[in-house]
Amino acid sequence: QVQLVESGGGLVQPGGSLRLSCAASGSIFSSYRIDFMGWYRQVPGKQRELVAGISSGGRTNYADSVKGRFTISRDNAKNTASLQMNSLKPEDTAVYYCNARRDTLVAYDYWGQGTQVTVSS
């Protein structure tokens, strides 16, 4: 059974920090390496957007709105990814989703259930 389990969301004041974690479990991940792990976010009425992504080789990309504030990392051996979020702003408030994707050979695209991040005083 494939699962992506996120943790670490919550309520934080503007300027504060949170760390989100994602753990991918399932035999498919042991057999076929995750090419891309990413964090997306979505607010009501808007499309889900990519916040940060990281390849299996460690190449990262970030949305312009979070560059310099957020850092994504992953552990390929454990199939985990984390998102360190600093200097949080109210506009970062959203449901954050973890994504694990493979685009070659045995392709797959899995999502977590989402974790709420609220930045408010």
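The values are calculated or read from the model by the stated rules, or taken from the named source; none is laboratory data. All figures in this text were calculated on a predicted structure; none of them were measured in a lab. We place every Cβ from the backbone using ideal geometry, glycine too, and count neighbours over all the protein chains shown. Note: areas computed on protein heavy atoms with side chains; ligands, DNA, RNA excluded. Shrake-Rupley method; radii C 1.70, N 1.55, O 1.52, S 1.80 Å.
Listed values, structure above:
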item: Complete set of residues in region 1-49 that are of a type in the set (A, V, I, L, M) and loosely packed, with under 14 Cβ neighbours inside 10 Å; result: VAL2, LEU11, VAL43
item: Unique match (being out of contact with any Cys (no Cβ under 8 Å at 6 or more places or on another chain), free of Cβ contacts under 8 Å to residues at least 40 places away in the same chain and under 16 Å from ARG19 (Cβ atoms)) among ALA52, ALA63; result: ALA52
item: Within region 71-105, tally of residues that are within 15 Å of PRO14 (Cβ to Cβ) and open to solvent by less than 50 Å² (accessible area, probe 1.4 Å); result: 5
item: Residues that are of a type in the set (Asp, Glu), under 27 Å from GLY57 (Cβ atoms) and over 15 Å from the mean Cα position of the chain (by Cα), drawn from region 77-121; result: ASP103
item: Residue, farthest from CYS22 (Cα to Cα), within region 66-118, restricted to residues that are hydroxyl-bearing (Ser, Thr, Tyr) and free of Cβ contacts under 8 Å to residues at least 40 places away in the same chain; result: THR71
